[in-house]
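These notes concern the structure reproduced below.
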Amino acid sequence: MRMIDIIEKKRDGSALTKQEIEFFIEGYTNGSIPDYQMSSLLMAIFFQNMTDEERANLTMAMVNSGETIDLSAIEGVKVDKHSTGGVGDTTTLVLGPLVAACGVPVAKMSGRGLGHTGGTIDKLEAIEGFHVELTSEQFVKQVNELKVAVIGQSGNLTPADKKLYALRDVTGTVNSIPLIASSIMSKKIAAGAGAIVLDVKTGDGAFMKTTEDARALATAMVRIGNNVGRKTMAIISDMSQPLGRAIGNSLEIVEAIDTLKGNGPDDLTELCLTLGSQMVVVGEKAETLEEAREMLLAVIEDGSALEIFKQFIKWQGGNEKIVDDVSLLPQAAFKFEVPASEDGFITFMEADEIGTAAMLLGAGRATKESEIDLAVGIVLNKKVGDAVSKGESLATIYSNREDVQDVMDKLTKFIDIEAAKKDAPPLIYEVIT
Ligand code: URA
Ligand code: CA
């Protein structure tokens, strides 16, 4: 087989065979196919697209390019959730214990990552003593007995994706639905997911800015998952304003606890119920989304979801007392209110910029080496559609530095107040099953 023939075939619009796809993924991973040929093929894919069969084969070829996590010792359908990323997205912290309480095993491998706040692991490390260094035996035992565990990323998963993503980044080929969809799905499958629920965000704070693009990506990923034997569902949700009220690591732990108690922000609660229902259905613990939602509401109501969160903290070495006394979490030294400059209604809160404001306080990492301040962040006291009067607090800043003028300015600039009320955009645009 020759790479040049594969490039020409795709350039001229034909579908590649499974063998051809495996050939270029293997060759590119081991270095026998050079960057210039791979770049050319990526551009051909960008313009000529891929069939459903090609997308499924590309995904599995990337899965098989490296190590995979074997979760077969865990009973039941292992469900993973993936979000394309947003600002203040506290859902993972809530969903783990919530669906575990319904009997769905959550065997989560998670990262730290760059962003406005830390990743799920950073947030959990705001809890004193909490650690994610479990042996695979401990991990399996915990998921079997408690139904939820989080472990740090390990192993050389999907090396083909790592190399391809870096090449796409510098060759104008990131923004291709078959390439994005196979990239995301290969990582979930390599991490051991038996079923997958996807939260594709749309809006200013999201990777996919329009609902059309988000729908195309969500549909592509759902088809790939189902075609490779992983039951997959998706939703398209709004990321034009931050999700929930808290943006920051320990602040989001507090928000997750409130939500598990049934007292969380409406949007975060609704998103967790929607995604959670899909997780319970693909995890084969309920037949319908409606039945699943009833189960989730019941485990919030009777306290069992919160109890699992407590046990989960305890099993992973953390101080579970934080659940009843959140003042045991890291506390910021200073607290400032951001006053409204006039009477009116909130018409817009730019998710990205508000996320950046949290990062300026130290809540997230700008580079891999940056240290995170787990105590700091922002709590929004108003959301789009709310009325405000002059001087009322729009947001509370939790900081460990005394001068927060830069953060104050950013929040004032990117929270719009107008005389006429404007409703918030829908939280969930579509449910794809
Ligand atoms: N995120 C991914 O993981 N892969 C892509 O290709 C794009 C976004
Ligand atoms: Ca939040």
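The values are calculated or read from the model by the stated rules, or taken from the named source; none is laboratory data. Keep in mind the model is a prediction, meaning the values are calculated, not measured. Note that we place each Cβ from the backbone using ideal geometry, even for glycine, and neighbour counts take in every protein chain shown. Ligands, DNA and RNA are excluded from the accessible area calculation, which covers all protein heavy atoms including side chains. Shrake-Rupley method; radii C 1.70, N 1.55, O 1.52, S 1.80 Å.
What to note about this one:
- Within the straight-line cut-off of under 18 Å between alpha carbons, the aspartates and glutamates reachable from LYS321 are GLU125, GLU128, GLU252, GLU255, ASP258, GLU307, sequence neighbours fewer than 8 places apart in one chain being disregarded.
- Computed label-point distance, nm, for sites ASP12 and THR288 using a 7 Å Cα→Cβ extension: 5.3 nm
- Taking all protein chains together and a 1.4 Å probe, the residues PHE334, PHE130 rank PHE334, PHE130 from largest to smallest accessible area.
- Taking the three principal axes of the alpha carbon atoms in region 34-99, the coordinate ranges are 46, 34, 24 Å, sorted in descending order.
- Taking region 3-48 and dividing mean pair separation by its residue count, relative contact order in percent (alpha carbons under 8 Å, at least six apart): 53 percent
- Our helix-only sum for the chain, with -39,500 (n - 2.57) per DSSP H run of n ≥ 4 divided by its residues, gives a mean residue ellipticity at 222 nm of -13500 deg cm²/dmol.
- For region 342-433, GluC sites (Glu not before Pro) meeting the loop criterion (DSSP other than H, G, I, E, B) and having at most 11 other Cβ atoms within 10 Å: GLU342, GLU369, GLU371, GLU402.
- Within the same chain, aspartates and glutamates fewer than 8 places from LYS141 are excluded, and of the rest, those with a Cα less than 17 Å from its Cα are ASP70, GLU75, GLU133.
- Of PRO105, PRO242, PRO339, the one that fluctuates the most in a GNM where the chain has Cα springs shorter than 10 Å: PRO339
- Considering region 34-144, its Cα convex hull presents a mean projected area of 10.3 nm².
- Alpha-carbon geometry of the chain: the Rg and the Dmax are 22.2, 70 Å, given in that order.
- Considering only Cα atoms, the convex hull volume of region 185-253 works out to 103 Å³ per residue.
- Pairs with C-alpha atoms separated by more than 32 Å, drawn from the list LYS18/LYS81; LYS187/LYS413; LYS81/LYS368; LYS123/LYS162, are LYS187/LYS413.
- Label point at LYS321 placed 7 Å out along Cα→Cβ; residues across region 126-161 whose backbone nitrogen lies under 20 Å: 126-131
- The H on the amide N of PHE348, modeled in the peptide plane, is under 5 Å from the matching H of ASP416, each at least 5 residues off or on a different chain.
- Other residues whose C-beta falls under 11 angstrom from the C-beta of ALA126 contribute a net charge of -4, scoring Lys and Arg +1 and Asp and Glu -1.
- Relative to its residue count, region 70-203 spans a Cα convex hull of 125 Å³ per residue.
- The portion of the accessible surface of region 10-155 made up by carbon and sulfur, rounded to a whole percent, is 48 (1.4 Å probe; DNA, RNA and ligands excluded).
- Here's the list of lysines a cross-link from LYS421 could span, going by alpha-carbon distance under 17 Å and ignoring same-chain residues fewer than 8 apart: LYS382, LYS383, LYS390.
- Residue ranking by accessible heavy-atom surface, 1.4 Å probe, largest first, among GLU252, GLU291 comes out as GLU291, GLU252.
- Contour excess over end-to-end distance, with Cα ends at LEU297 and ASP343 and 0.36 nm allotted per residue: 12.8 nm
- The mean accessible area for residues of region 52-112, using a 1.4 Å probe and ignoring ligands and nucleic acids, is 30 Å² per residue.
- Pairwise label distance in nanometres, THR412 with LYS209, each label 7 Å out on the Cα-Cβ vector: 2.8 nm
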